[in-house]
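S.K.: My questions all concern the structure below.
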Amino acid sequence: ILMLHPKIIEAEVLGVYDEDLGETIHAFVGVGDYEISENEIKRHCLDHLPRFAIPHKIDIHEELPKNNAGKIQKQLLLSYR
């Protein structure tokens, strides 16, 4: 759903431990040169997903870290939090 937004170039969604809730949804998005806010992304998600599936936290970056094969490095994303 995140990739359907015209300003989002790449995205990765992870379940992250939360002391109160057990686990929350954390989205990392790469937007290149586009300007986008966390609220704009959440509104987009609300149009396509049920409320419980909306990312609790959204990190916006120019691009996400990738390995030599071009795959997003999830372990590095968690160090961004």
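S.K.: Only one of 70, 22, 32 is open to solvent by less than 30 Å² (accessible area, probe 1.4 Å) and at pLDDT below 95; which?
M.R.: Residue meeting the stated conditions: 32.
S.K.: Same structure again: Quick check on the stretch 66-81: of everything there that is among the basic types (Lys, Arg) and assigned to a loop (DSSP other than H, G, I, E, B), which residue is nearest to residue 32 (Cα to Cα)?
M.R.: 71
The values are calculated or read from the model by the stated rules, or taken from the named source; none is laboratory data. The structure presented is a predicted model; accordingly, all values stated were derived computationally and were not measured. Keep in mind that these areas ignore ligands, DNA and RNA; they rest on the heavy atoms of the full protein, side chains included. Shrake-Rupley method; radii C 1.70, N 1.55, O 1.52, S 1.80 Å.
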